[in-house]
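Working notes, structure below.
The values are calculated or read from the model by the stated rules, or taken from the named source; none is laboratory data. Every value quoted in this text rests on a predicted model; they were computed, and no experiment measured them. A quick note on method: Cβ atoms are made from the backbone with ideal geometry, for glycine too, and the neighbour counts reach across all protein chains shown.
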Amino acid sequence: MLLAIDTSTGTSVAVVDRDGGILAEAGTDDTMRHAEVVGELIRDALAGAGVRPADLSGVAGGMGPGPFTGLRVGIAAAHAFAVGIGRPFVPVVSHDAVAWAWYRAGNEGPLQVLTDARRREFAVSGYDGLDDDDLPVRVDGPVLSPRDDVPDAVGTRLEAHYVQAGAVGMLAELAFAARRLPLAEDAPLYLRAPDVTPSAGKRVLP
């Protein structure tokens with residue numbers, strides 16, 4: 001049983017179980033108040049599932065792609081919760097969760113997932129169905145693309161305004177069952193260099 005957190009778009013928290021599916025999920029599509037709501041949503045998801053922190057076997061976190069300010073809140077919260085309960089942290093690409101949920105809903109064919117990267121850009125990933133372990137097959141991305149110059153989609157184009165933490169958690173559960181961990185690197189997918197660079201500092205004369 002896992003707690004899952006994603007703040008790559010809005011803020012979503014879920015408790016999932018490999019056999020039971022998504023036991024509880026709480027979230028908001030507000031893209032500005034991640035830090036204010038993530039603690040409350042963790043509490044609500046645990047209460048909704050009737051689960052204590054000690055009952056969890058790990059914490060899954062959506063690694064993006066996403067804007068720096070929002071994305072780091074969810075990753076930090078997931079890491080802190082995992083450390084607090086002494087359980088492992090499982091990183092998951094947020095676009096993979098969007099694709100998994102779309103295919104699990106009965107859709108088929110190539111899929112292009114887009115999420116808002118701000119500055120008139122999208123983060124873009126391409127998929128081609130689910131593999132034998134029920135995990136999405138990512139064929140390209142995630143990459144940044146100008147809003148007016150996104151590559152043509154071979155199949156369906158899906159602009160995702162909200163990433164479900166339940167899908168993030170279920171991907172982690174499926175990967176664990178298939179012995180396919182880690183699914184992603186434990187590093188945020190910002191896709192863009194930071195605006196601020198460290199100062200070279202003043203030269204100290206002898």
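Assorted remarks:
- Contact map, segment 26-48: residues that are within 16 Å of Gly70 (Cβ to Cβ) paired with residues that are among the β-branched types (Val, Ile, Thr) and in a helix (DSSP H, G or I), Cβ distance under 8 Å, separation 6+ or inter-chain. Pairs shown: Thr28/Val37; Asp30/Val37; His34/Thr69; His34/Val73; Ala35/Val73; Val38/Val73.
- Condition check for Val137 on (1) hydrophobic (A, V, I, L, M, F, W, C); (2) touching a residue at least 40 places away in the same chain (Cβ under 8 Å); (3) over 22 Å from Asp116 (Cβ atoms): one failure, at (2).
- Residues of segment 29-79 classified as among the β-branched types (Val, Ile, Thr), crowded, with 17+ Cβ neighbours inside 10 Å and closer than 27 Å to Ser145 by Cβ, total: 3
- Just one of the listed residues (Thr7, Thr11) is farther than 16 Å from Val93 by Cβ, buried (at least 18 other Cβ atoms within 10 Å of the Cβ) and among the polar types (S, T, N, Q), and it is Thr11.
- The criterion of at least 3 residues that are closer than 20 Å to Arg179 by Cα is met by the following strands (runs of 3 or more DSSP E) wholly inside segment 88-159: 89-92, 136-146.
- Yes/no for Ala165 being over 15 Å from Val113 (Cβ atoms), over 19 Å from the mean Cα position of the chain (by Cα) and in contact (Cβ under 8 Å) with a residue 60 or more places away in the chain: no
- Whichever residue in segment 122-158 is within 24 Å of Pro188 (Cβ to Cβ), of a type in the set (D, E, K, R) and modelled with pLDDT of 95 or more and, among such residues, is surrounded by the most Cβ atoms within 10 Å (Cβ to Cβ): Arg138
- Selection of first residues in segment 82-102 that are on the phi < 0 side of the Ramachandran plot and among the basic types (Lys, Arg) and of second residues that are surrounded by 17 or more Cβ atoms within 10 Å (Cβ to Cβ) and part of a helix (DSSP H, G or I), restricted to Cβ pairs under 9 Å at least 6 apart or on distinct chains, gives the following pairs, ordered by first then second residue: Arg87/Phe81.
- Here Thr69 does not qualify as of a type in the set (S, T, N, Q), under 24 Å from Leu189 (Cβ atoms) and in contact with a strand residue (DSSP E or B) (Cβ under 8 Å, 6 or more places away or on another chain).
- Test: Val168 is of a type in the set (Val, Ile, Thr) and touching a helix residue (DSSP H, G or I) at 6+ places or on another chain (Cβ under 8 Å): yes
- Filtered residue count, segment 105-122, keeping only those that are closer than 23 Å to Leu41 by Cβ and touching a residue at least 60 places away in the same chain (Cβ under 8 Å): 2
- The residues of segment 105-121 that are of a type in the set (Asp, Glu) and exposed (fewer than 15 other Cβ atoms within 10 Å of the Cβ) amount to a single one, Glu108.
- Subset of segment 176-206 that is among the aliphatic types (A, V, I, L, M) and over 15 Å from the mean Cα position of the chain (by Cα) - its residue that is modelled with the lowest pLDDT: Val196
- One residue alone among Met63, Met32 is of a type in the set (A, V, I, L, M, F, W, C) and modelled with pLDDT under 95, and that residue is Met32.
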